[in-house]
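What follows is a single structure, written as structure tokens, with notes after it.
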Amino acid sequence: MDNIFVICEIEDGKVADVSLELLTKGRSLANQLNCQLEAIALGHNLKGIEEQIFPYGADVVHIGDDKRLEPFTTLPYTSVIVELFKKEKPQIALLGATTMGRDLGPRVSSALQSGLTADCTALEIGDHEDKKAKKHYKNLLYQIRPAFGGNIVATIINPDCRPQMATVREGVMKKEIFSKTHKGKVKVIDVEKYLKPEDTVVRIVERHIEKNRINIKNSSIIVSGGYGMGSKENFSILYDLAEVLGGEVGASRAAVDAGFAEHDRQVGQTGVTVRPKLYIACGISGQIQHTAGMEESSMVIAINNDPAAPINKIADFVITGDVMETIPKLIKAYKKNTK
Amino acid sequence: MGLNIIVLAKQVPDTRNVGKDAMKADGTVNRAALPAIFNPEDLNALEQALRLKDKYPGTKVTLLTMGPGRAADIIREGLFRGADGGVLLTDRAFAGSDTLATSYALSCAIRKIKDYDLILAGRQAIDGDTAQVGPQVAEKLGLPQVTYGEEIYSAEKGKISLKRRLERGVETVECPMPAVVTINSSAPPCRPRNAKLVMKFKHAQTVTERQNQSEDYIDLTNDRPYLNIAEWSVDDIESDKEKLGLSGSPTKVKQIENVVFQAKESRHIQANDEEIEELVKELIANHTIG
């Protein structure tokens with residue numbers, strides 16, 4: 001009871017990075033709350049899966065191995081997790097804000113009538129004073145996320161309902177091995193007992209898993225464009241610069257919404273979080289929704305014709321000027337000095 | 001065979017066009033300063049519903065929205081594009097709802113609508129980006145759900161077949177009806193307004209709106225009942241009031257912070273050849289690039 005649970009995501013026998021990131025965060029929260037960290041692994045042919053999970057600090061791994069749990073479908077996963085939570089009564093449950101987590105999380109939270117906060121960018125422990133009800137709450141999970149298009153940052157709490165559930169996007173938390181030799185307990189979930197016949201009504205007829213064609217996350221240099229680029233055509237100049245520097249092209253949400261770039265390139269709270277060596281922000285105003293996904297870049301260069309753009313405040317170098325004129329100058333200077 | 005389709009839609013502030021007066025001095029959002037729009041992905045969902053209507057004659061598309069009185073605007077917008085009717089769920093009792101309380105209220109309204117084969121909704125709304133209401137409505141109604149839908153291939157013989165667009169690929173899924181399906185922005189955009197439908201529905205109003213109208217229009221609906229946009233309050237739906245609004249919301253907002261950027265020491269570069277070359281040289285020298 002009162003432990004922290006991480007619902008792991010498993011693809012081809014491998015625990016997803018986002019789950020390992022959440023285990024890392026879960027471990028530090030568990031230490032702070034003086035409780036145990038437990039993981040849930042559902043799927044089929046999971047033999048040995050706990051070996052991937054224990055090094056990240058899990059005290060218990062609950063394994064549900066059944067062919068009806070592979071591939072992921074909503075209803076069987078919901079039944080197993082809801083029943084397990086009713087029995088184990090966790091205080092906190094974390095899952096990745098992936099297509100799986102964002103499908104499963106709300107269903108589970110609705111069934112348990114517990115709260116769920118999507119796409120958190122930070123999780124902290126803190127107290128809360130309800131002045132109206134004159135109640136003091138200790139050690140709540142602060143679920144922190146930008147909202148309203150990134151114009152505000154909200155701290156959300158679930159004072160009365162358990163578990164306190166949150167989803168977090170891949171790359172937002174850091175993944176760190178707790179101890180290579182750490183071992184916990186394996187508990188086998190009696191899947192048969194939890195699954196109902198009506199849980200398997202949704203049938204996956206066909207499935208292509210494609211590895212991400214575009215993967216800006218691992219690029220050490222990112223040239224990113226915003227709405228200020230003006231058009232999809234103007235975006236091509238960013239590809240030119242990225243190619244010369246050996247980087248990838250990113251985009252802000254506004255640019256993606258406007259059709260200037262593919263969604264896979266979106267940096268920010270609802271896109272990917274990146275930590276490149278160099279981030280060049282072109283025509284990006286710098287709303288927090290965007291900066292939440294790039295502020296840990298080692299170096300930021302902002303190119304913008306608005307000297308008051310918020311992005312300038314987090315930039316190491318600010319170039320105030322026209323992007324379409326500045327970038328060719330950068331390319332020229334780079335070529336001249338590397339040959 | 002025609003279908004009964006309910007499309008869940010939300011009127012949202014256009015967070016993509018946030019102007020300087022969007023924040024009040026006390027740090028709260030000034031909703032009045034933001035244009036209110038039809039949530040973009042809900043329009044994608046409406047288009048999928050209208051395509052089913054084209055394919056299966058006799059299909060009826062009903063919009064359901066919860067919000068303040070002015071949210072009737074998006075029902076009219078839906079009627080202009082081909083929806084057959086709409087319901088506005090509006091009451092102070094719903095104020096302060098989080099996604100769970102919202103889903104509960106919507107599920108009660110759907111139960112009242114009663115006849116439905118399919119419930120469609122956008123994947124998420126741009127003001128919260130939570131993507132929770134679709135799956136939670138499904139759970140409250142005990143229906144299966146399919147999220148991240150992109151294209152509905154068919155909805156016949158009691159089941160729906162559709163394509164899902166996921167992070168790393170696509171799935172074709174079959175699911176028995178009734179079901180809840182949420183639609184991505186990668187789905188085709190919604191068709192524009194139809195001029196004939198605009199003429200037909202331009203005076204479509206809720207009871208409250210009609211009360212504020214001049215007398216000329218009051219009798220208009222007597223012979224044109226389709227101009228009535230249903231307006232339901234908390235008393236029109238069967239619900240457990242504890243599960244609505246603030247009391248039905250497990251999540252509470254503890255704190256709202258206006259976004260303040262921490263300034264760091266920035267160096268300003270002029271956009272001329274000399275200064276840019278100096279910058280590039282420096283970046284090469286410290287191995288950031290090159």
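Worth pointing out:
- Just one of the listed residues (B:D21, B:D42, B:D26, B:D54) is open to solvent by 60 Å² or more (accessible area, probe 1.4 Å) and at pLDDT 95 or above, namely B:D54.
- Checking B:L166, B:L197 one by one, the residue that is touching a strand residue (DSSP E or B) at 6+ places or on another chain (Cβ under 8 Å) and either open to solvent by 10 Å² or more (accessible area, probe 1.4 Å) or at the interface with chain A (Cβ under 7 Å from one of its Cβ atoms) (or both) is B:L166 and no other.
- Count of the stretch B:222-238 residues which are open to solvent by less than 80 Å² (accessible area, probe 1.4 Å) and either in contact (Cβ under 8 Å) with a residue 40 or more places away in the chain or touching a strand residue (DSSP E or B) at 6+ places or on another chain (Cβ under 6 Å) (or both): 8
- The condition of being assigned to a loop (DSSP other than H, G, I, E, B), open to solvent by 40 Å² or more (accessible area, probe 1.4 Å), at pLDDT below 95 and under 20 Å from B:G128 (Cβ atoms) holds for B:G96.
- When we screen A:E198, A:E206 for residues that are of a type in the set (D, E, K, R), outside any loop (DSSP other than H, G, I, E, B), farther than 30 Å from A:G247 by Cα and facing chain B (nearest Cβ under 8 Å), the only hit is A:E206.
- The test for being open to solvent by 60 Å² or more (accessible area, probe 1.4 Å), in contact (Cβ under 8 Å) with a residue 12 or more places away in the chain and outside any loop (DSSP other than H, G, I, E, B) holds for A:E124.
- Answer residue from the stretch B:258-282, given it is more than 7 Å from chain A (Cβ to nearest Cβ) and modelled with pLDDT of 70 or more and is farthest from A:A302 (Cα to Cα) among those: B:E274
- Single condition A:L116 does not satisfy, out of (1) within 8 Å of another protein chain (Cβ to nearest Cβ); (2) open to solvent by less than 10 Å² (accessible area, probe 1.4 Å); (3) over 30 Å from A:I311 (Cβ atoms); (4) not small (G, A, S): (2)
- Per this entry, A:D306 is not counted among residues that are at the interface with chain B (Cβ under 8 Å from one of its Cβ atoms) and either surrounded by fewer than 20 Cβ atoms within 10 Å (Cβ to Cβ) or within 16 Å of B:S266 (Cβ to Cβ) (or both).
- Listed conditions (1) modelled with pLDDT of 85 or more; (2) more than 10 Å from every other protein chain (Cβ to nearest Cβ) are all met by B:D223, apart from (1).
- Any hit, the stretch A:18-27, residues being in contact with a Cys (Cβ under 6 Å, 6 or more places away or on another chain) and either open to solvent by less than 30 Å² (accessible area, probe 1.4 Å) or in the same structural domain as A:A118 (by TED's automatic domain parsing) (or both): yes
- The lone exception for B:E156 - which of (1) open to solvent by 10 Å² or more (accessible area, probe 1.4 Å); (2) under 21 Å from the mean Cα position of the chain (by Cα); (3) farther than 27 Å from A:I152 by Cα; (4) in contact (Cβ under 8 Å) with a residue 40 or more places away in the chain it fails: (2)
- Residues that are outside any strand (DSSP E or B), touching a Phe, Trp or Tyr at 6+ places or on another chain (Cβ under 8 Å) and open to solvent by less than 90 Å² (accessible area, probe 1.4 Å) within the stretch A:135-188 comprise A:P159, A:P163, A:I177, A:H182, A:G184, listed in sequence order.
- All conditions in (1) assigned to a helix (DSSP H, G or I); (2) more than 27 Å from B:P57 (Cβ to Cβ); (3) without any contact (Cβ under 8 Å) to a residue 40 or more places away in the chain; (4) not acidic (D, E) hold for B:T130, with the sole exception of (1).
- Considering the conditions (1) surrounded by 21 or more Cβ atoms within 10 Å (Cβ to Cβ); (2) touching a Gly at 6+ places or on another chain (Cβ under 8 Å), A:I319 is excluded by exactly one of them, (2).
- Of all residues in the stretch A:289-300, those satisfying the criterion of being surrounded by fewer than 24 Cβ atoms within 10 Å (Cβ to Cβ) and either over 24 Å from A:V153 (Cα atoms) or within 9 Å of another protein chain (Cβ to nearest Cβ) (or both) are A:S298, A:M299.
- Every residue from the stretch B:131-153 that is at the interface with chain A (Cβ under 7 Å from one of its Cβ atoms) and more than 19 Å from the chain's Cα centre (by Cα): B:P144
- Cβ-Cβ contacts under 8 Å between residues 6 or more apart (or on different chains), taken from a first residue in the stretch A:312-339 that is acidic (D, E) to a second residue that is open to solvent by less than 50 Å² (accessible area, probe 1.4 Å) and in a loop (DSSP other than H, G, I, E, B), are listed as A:D316/B:S266; A:D322/B:A271; A:E325/B:A271.
- Qualifying residues in the stretch A:28-41 (those that are open to solvent by less than 10 Å² (accessible area, probe 1.4 Å) and hydrophobic (A, V, I, L, M, F, W, C)) - the one farthest from A:K138 (Cα to Cα): A:A41
- Any hit, the stretch B:102-116, residues being within 8 Å of another protein chain (Cβ to nearest Cβ), within 24 Å of B:A230 (Cα to Cα) and crowded, with 22+ Cβ neighbours inside 10 Å: yes
- Residue match in the stretch A:268-286 (condition: facing another protein chain (nearest Cβ under 9 Å), of a type in the set (A, V, I, L, M) and not in a loop (DSSP other than H, G, I, E, B)): yes
- Filter result (open to solvent by 20 Å² or more (accessible area, probe 1.4 Å) and either farther than 18 Å from A:G226 by Cα or facing chain B (nearest Cβ under 7 Å) (or both)) within the stretch A:323-334: A:E325, A:K329, A:I331, A:K332, A:Y334
- Residues located in the stretch A:208-256, provided they are open to solvent by 70 Å² or more (accessible area, probe 1.4 Å) and in contact with a Ser or Thr (Cβ under 8 Å, 6 or more places away or on another chain): A:Y227
- Applying the condition of being over 23 Å from the mean Cα position of the chain (by Cα) and within 14 Å of chain B (Cβ to nearest Cβ) to the stretch A:156-195 and asking which residue is farthest from A:E88 (Cα to Cα) yields A:P159.
The values are calculated or read from the model by the stated rules, or taken from the named source; none is laboratory data. Just so it is clear, the structure is predicted and the values come from calculations on it, not from any experiment. When we count neighbours, we look across all protein chains shown, and the Cβ atoms used for this are built from the backbone with ideal geometry, even at glycine. Accessible surface is based on the protein model in full, side chains and every heavy atom, while ligands, DNA and RNA are left aside. Shrake-Rupley method; radii C 1.70, N 1.55, O 1.52, S 1.80 Å.
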